[in-house]
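First comes the structure, then the notes that go with it.
Just so it is clear, none of the values below were taken in a lab; they were calculated from the coordinates. Remember, predicted model here, so these are calculated numbers, not experimental data. A quick note on method: Cβ atoms are made from the backbone with ideal geometry, for glycine too, and the neighbour counts reach across all protein chains shown.
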Amino acid sequence: MLNNQKSLFSLPEDIHYLNCAYMGPQLKTVEQAGIAAIQKKNNPIQIKPDHFFEEAEALRKAFGQLVNANAKQVAIIPSASYGMMAAVNNLPLNNGNTAIVVGEEFPSGYFSIARWCEENRKTLQVIERPSGRGAVGGSWNEQILESINQNTAVVLMSTVHWTDGTRFLLEEIGEKCKEHGAYFILDGTQSVGAIPIDVHAIKADALICAGYKWLLGPYSIGLVYYAEKFNEGRPLEESWMNRSNSTDFSGLTNYAHDYSAGAGRYNMGEFSNFVLLPMLHTAIQQILDWGEGTIQAYVKNLAIPLRPFFESNGYGIEEDNFRSPHLFGIHLPKDLDKTTLLKKLEDRKIYVSVRGEAIRLSLHLYNTSEDLESLMDVLDRPSK
Ligand SMILES: Cc1ncc(COP(=O)(O)O)c(C=O)c1O
């Protein structure tokens, strides 16, 4: 198993950062890539026409490698909401009247599909989380699977639930969508980069990821995989860069009406962002170098003491089969005041998030057993 990788980051020594699901910390190499990229524009002649495309191609390829997709089917986006809307706008209108989302889906996905339903007179069906403080993942997955039928146009959901890391049975859900001709649109922001995912194995039609969390990239840049069925769709904007003749700078006004191949038409305007692209590419390359499954194995091992601790102290937690190893919520004992507890965590410089009723913890290769010991120390004696 890989050793702790904290030395690759610049996190202060005195904090316990359990919050990658909020924002991934920056790798030192990513910082360096950003500085070098900013300096490049001091002398613009260093930025050649080829540079508008080369880094973008390399980035699409790296993300493709991460999720087992052809680079051609990857597009560069500024945010998850952008990638969602481009997918949703291109849904066919004749393959069912219901769109399915899970309860408390992240707003960027929820509002995109809600608008599509409103504009196209479709019904939005929300599969709510079953009530309970602990193990509800099994029955939630069952309800999602049962709700997919001939009338389902699309299922839109996150790969793992963003509030508490509930794991969804993506292969089974993808298979059921295919059986009934429904589209399967996924928000991978909270898992891609941390746990292995294969767009073909789960039969995803779109996998959309903001880049600043588990992809360890900067803010305002993300990536998406679109299946080939989107290749004739309509992008959100009409950038000169997504045309088949865009590399020919002297002939741009020989307007080419066809787009670049694959999902290239969905690349955002100015997708060659000369600062953000090398940073995100460096980050993804590091994730690829760590190797598939490495982060998952490390955090799983690190978290072994947590379950018995939570159970013996009255905290609710999902059973392991339906709990993501890198991101999970805990429900507090009824007599424990959340505000007091959060203050104590803050005093000990333990950084977590509160999402809904759960306290959300997220672990990565920079976390140590001391981080978790400090956490347990505070959770163990909250009235101290
Ligand atoms: C599941 C999920 N998707 C997307 C985002 C970010 O969305 P956007 O890129 O649209 O701002 C977040 C941020 O917390 C998230 O948790």
What is the antiparallel percent of DSSP beta bridges lying wholly in the range 40-290, to the nearest 5? 40
If the cut-off is 22 Å between C-alpha atoms, which lysines fall inside it for residue 300, apart from same-chain ones fewer than 8 positions away? 6, 213
Kindly provide the trypsin sites (Lys or Arg not before Pro) of the range 38-112 that DSSP labels as loop, not H, G, I, E or B, and whose Cβ sees at most 13 other Cβ atoms within 10 Å. 41
In the P(r) worked out for the chain, what percent of Cα pairs fall beyond 41 Å? 16
With a point put 7 Å past each Cα toward its Cβ, work out how far residue 11 is from residue 180 in nm, to one decimal. 4.1
Overall form of the range 236-384 per C-alpha gyration tensor (a/c, 1.5; a/b vs b/c): prolate
Segment residue 244-residue 3, extension gain: residue separation times 0.36 nm, minus the distance between their alpha carbons: 82.2 nm
Mind listing the long-range amide H neighbours of residue 323? Cut-off is under 5 Å, sequence gap 5 or more, other chains count too, H placed in the peptide plane at 1.01 Å from N. 167
Report the calculated FRET efficiency for residue 57 and residue 31 (r = Cβ-Cβ distance, R0 = 22 Å), to the nearest 0.05. 0.40
To the nearest whole percent, what portion of all C-alpha pairs in the range 276-325 is separated by more than 16 angstrom? 57
Per residue of the range 10-18, in order, report the coupling 6.51 cos²θ - 1.76 cosθ + 1.60 (Karplus, θ = phi - 60°) as ³J(HN,Hα) in whole Hz, putting x for Gly and Pro. 10, 4, x, 5, 8, 10, 10, 8, 10
Select from 202, 15, 359 the residue whose mean-square fluctuation is largest in a Gaussian network model of the chain (Cα-Cα springs shorter than 10 Å). 15
Most exposed first by the Cβ proxy, i.e. fewest other Cβ within 10 Å, how do 216, 93, 169 rank? 93, 169, 216
Whose amide H sits under 5 Å from the amide H of residue 213, counting only residues 5 or more places off or on another chain, with H placed in the peptide plane? 24
Residues of type lysines that residue 203 reaches as a straight line, Cα spacing below 22 Å, ignoring anything fewer than 8 places off in the same chain: 61, 72, 176, 178, 229
Under the helix-only model (-39500 (n - 2.57) for each DSSP H run of 4 or more, divided by the residues of the chain), the mean residue ellipticity at 222 nm, to 500 deg cm²/dmol, is -10500 deg cm²/dmol
Counting only the backbone N, which residues of the range 15-55 are under 18 Å from the spot 7 Å out from the Cα of residue 376 toward its beta-carbon? 16-18
Sequence of 167, 234 once ranked by neighbouring C-beta atoms within 10 Å, starting from the fewest: 234, 167
Ranking of 20, 209 by count of other Cβ atoms within 10 Å, fewest first: 20, 209
Using 7 Å Cα-to-Cβ label points, what is the residue 22/residue 232 separation (nm, one decimal)? 4.7
Fully extended, how many nm does the chain gain between residue 297 and residue 346 (0.36 nm per residue separation, minus their Cα-Cα distance)? 14.8 nm
With equal scatterers on the alpha carbons only and no solvent term, can you work out the Debye log10 of I(q)/I(0) for the range 84-139 at 0.25 1/Å? -0.99
With the Cα gyration tensor of the range 1-91 giving a ≥ b ≥ c as the square roots of its eigenvalues, does the rule (a/c under 1.5 for rounded; else a/b larger than b/c for prolate; else oblate) give rounded, prolate or oblate? oblate
